[in-house]
Amino acid sequence: MSDINKEWDFIIEPKGSMFNLNLKEVWHYKDLLEMYIKRDIVTFYKQTLLGPLWFFIQPFFTTIVFMFVFGGLAGIPTDGIPQPLFYLSGICLWNYFSESLIKTSDTFYTNQAVFGKVYFPRLIVPLSVTISGLLKMLIQLFLFAGVYIYFLSKGASIEINRYAFLFPVLIFILAGLGLGFGIIISSMTTKYRDLKFLVAFAIQLWMYFTPVIYPLSVMEGNYKKYMWLIQANPLTAVLETFKYGFLGRGSFSWFALGYSVIFTFFILLLGTWIFNRVERSFMDVV
């Protein structure tokens, strides 16, 4: 009888609200979150010859390829911004978003063995991906800073302005969209496995509707009929604001940035609702 009346230290029960991320519980497992973040970063270069240098090598060579293909062969202008700076700024931000989305979109499938054996807040896994990806992006931005200082010393027509202080907002949008879309796709792939094969293709296609390899002015001048797609893309304002704030070129719109923020909140709420709904019964599906 005494065991029945005993007060338990921790009770596992379904969440009361489908829109509740239960961040208090996530904070209770912060040590596990930290372990997952370290694992994501270390495994990136574990057993490699160059180690952490791969954080810089990937965006560096991608920039060279973009310069040759899009800047050279295709002759796409960069609004007077030195090509390495233009492409590198887009690559660093885009890589963070795409990596967050791709890795979080496989949360339930790749972790089903762990999820079926021990309880912990499932949100920790996609959160760790988003945070570790942020650390990688910040490291890659040191490469951007080095190239920036080089061209600045050469007298390039670039300048930083007050809109650069919006950088934390841009980070929130990138992280929120990557996490939101990722957990939506992950939740849906528990039942529809073929969706995971479409993610990589959709990400590549999405990049061409984002001003990564071209300035927005090119679309406004030559491809106006596609501008509605570019403007509907919540990532457009992120890249344009970053380039406008740190390079002094491009365009900035409070309306476009506000749209991206609202869109991000919507995706996060939708993703939370779907994630919480699937989390309760996904082991019966997978």
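What follows is calculated from the coordinates using simple rules that are stated; it is not laboratory data. In this text the structure is predicted, and so the values were computed from the model without any measurement. Cβ sites come from the backbone with ideal geometry, for glycine too, and all protein chains shown count toward neighbours.
In the stretch 23-285 the Cα-Cα distances spread across 10 Å bins starting at 0 as 7, 28, 34, 22, 8, 1, 0 percent of all pairs.
Using a 10 Å cut-off around each Cβ, can you sort Thr272, Thr43, Thr104 from fewest to most neighbouring Cβ atoms?
Working: Thr272 22, Thr43 10, Thr104 26.
Fewest to most other Cβ atoms nearby, the residues stand as Thr43, Thr272, Thr104.
Phi angles of the stretch 25-40 translate, via the Karplus equation with coefficients 6.51, -1.76, 1.60 and θ = phi - 60°, into HN-Hα couplings of 5, 4, 5, 4, 9, 4, 5, 5, 4, 4, 5, 5, 5, 4, 4, 4 Hz per residue; Gly and Pro are given as x. With the charge dipole of the stretch 23-285 set up from +1 on Lys and Arg Cβ and -1 on Asp and Glu Cβ about the Cα centre, the Cα lying farthest toward the positive end among the listed residues Thr189, Asn161, Thr104 is that of Thr189. For the stretch 23-285, the relative contact order is 26 percent, taking Cα pairs closer than 8 Å that sit 6 or more residues apart in sequence and dividing their mean separation by the residue count.
Relative contact order for the stretch 129-286 using alpha-carbon pairs under 8 Å, separation at least 6, rounded to a whole percent? If you can, show how the numbers build up before the last one.
On the way: 130 pairs, mean separation 56.2, N = 158.
Contact order relative to length: 36 percent.
Here the stretch 70-189 is treated as a Stokes sphere of Kirkwood radius computed over C-alpha pairs; at 10 °C and 1.306 mPa s its diffusion coefficient rounds to 96 µm²/s.
How much length is gained on full extension from Ile76 to Phe201, taking 0.36 nm per residue of separation minus their Cα-Cα distance?
On the way: separation 125, 0.36 × 125 = 45.00 nm, distance 2.34 nm.
Fully extending the segment from Ile76 to Phe201 adds 42.7 nm.
Subtract the Cα-Cα distance of Val118 and Leu32 from 0.36 nm times their separation in residues, and report this length gain in nm to one decimal. Could the numbers behind the result be given before it?
Values: separation 86, 0.36 × 86 = 30.96 nm, distance 1.25 nm.
Contour length minus the Cα-Cα distance gives 29.7 nm.
Neighbour counting of Cβ atoms within 10 Å sorts the residues Phe61, Phe97, Phe265, fewest neighbours leading, into Phe61, Phe265, Phe97.
Each Cα pair under 8 Å and six or more residues apart adds its separation to the average, and for the stretch 164-239 the resulting relative contact order is 32 percent.
Remark: for residue pairs Lys117/Lys191; Lys136/Lys225; Lys30/Lys117; Lys117/Lys196, the C-alpha separation exceeds 28 Å in Lys136/Lys225.
Fewest-first ordering of Ser105, Ser98 by other beta carbons within 10 Å of each residue's beta carbon gives Ser98, Ser105.
Which of the trypsin sites (Lys or Arg not before Pro) found in the stretch 117-161 are in a DSSP loop and have at most 14 neighbouring Cβ atoms, other than their own, within 10 Å?
Details: sites: Lys117, Arg122, Lys136, Lys154; in loops: Lys117, Arg122, Lys154.
Here the sparse-neighbourhood loop sites are Lys117, Lys154.
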